[in-house]
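Visitor: Just dropping this structure here.
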Amino acid sequence: MHRTENRIALLRQALRSRDAWQVSAALRYVAEKLEPEHRAALVPDLVELCANPLWASDAREVLERI
């Protein structure tokens, strides 16, 4: 479980990054590889990304998968 918590913390950090590559990679990982029950922990971060015009579409798509 500790490993999962670390992964979620790293993903949360990447989703809040100013680096477009990090945000993009984190969104892709959350959407395609992260287990659905762990995606729920990132909902607040994804909702926050929805307010950013650059990431709104991608973040909404990930939220729809949760």
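Visitor: In whole Hz, what ³J(HN,Hα) sequence does segment 24-36 give by Karplus (6.51, -1.76, 1.60; θ = phi - 60°), x for Gly and Pro?
Guide: Coupling constants for segment 24-36: 4, 5, 5, 4, 5, 5, 4, 5, 9, 10, 6, 4, x Hz.
Visitor: Just going by the charge dipole of the chain, with Lys and Arg at +1 and Asp and Glu at -1 on Cβ, which of 43, 31, 4 is farthest out on the positive end?
Guide: 4
Visitor: Please grab the % of Cα pairs in the chain that end up more than 19 Å from each other.
Guide: Numbers: 407 of 2145 pairs.
Counting every Cα pair in the chain, those more than 19 Å apart make up 19 percent.
Visitor: Here's something else I'd like to know. As a test question: what accessible area, to the nearest 10 Å², does residue 28 have when a 1.4 Å probe is rolled over all protein chains in place?
Guide: Near enough 120 Å² of accessible area.
Visitor: Let me check I've understood the local charge: for residue 65, count other residues with C-beta under 11 angstrom from its C-beta, Lys and Arg +1, Asp and Glu -1. What total comes out?
Guide: That works out to -1.
Visitor: May I ask you to derive the relative contact order of the chain, considering only C-alpha pairs under 8 Å and at least 6 residues apart, and to give it as an integer percent?
Guide: On the way: 45 pairs, mean separation 19.1, N = 66.
With pairs under 8 Å counted, the relative contact order is 29 percent.
Visitor: Give me a comma-separated list of calculated 3J(HN,Hα) values for segment 55-66, in order, Karplus coefficients 6.51, -1.76, 1.60 applied at θ = phi - 60°, integers in Hz, x for any Gly or Pro.
Guide: Result, rounded to whole Hz: 10, 4, 4, 5, 5, 4, 4, 5, 4, 5, 7, 7.
Visitor: Still on this model: Mind giving me the nanometre distance, one decimal, between the label points for residue 17 and residue 2, set 7 Å out from Cα along Cα→Cβ?
Guide: 2.5 nm
Visitor: With +1 assigned to the C-beta of every Lys and Arg and -1 to the C-beta of every Asp and Glu, and no other charges, what is the dipole magnitude of the chain about the Cα centre in debye, to the nearest 20? Can you show the working numbers first?
Guide: Values: 10 positive and 10 negative charges, 33 e Å.
For this selection, approximately 160 debye.
Visitor: Sorted by accessible area (1.4 Å probe), largest first, how do 38, 2 line up? Don't skip to the end; give the middle numbers.
Guide: Values: 38 35, 2 125 Å².
Solvent-accessible surface, decreasing: 2, 38.
The values are calculated or read from the model by the stated rules, or taken from the named source; none is laboratory data. Nothing here was measured: the structure is a model prediction, and the numbers come from that model. All Cβ positions, glycine included, derive from the backbone under ideal geometry; neighbour counts span all protein chains shown. We work out accessible area using only protein heavy atoms, side chains counted, and drop any ligands, DNA or RNA first. Shrake-Rupley method; radii C 1.70, N 1.55, O 1.52, S 1.80 Å.
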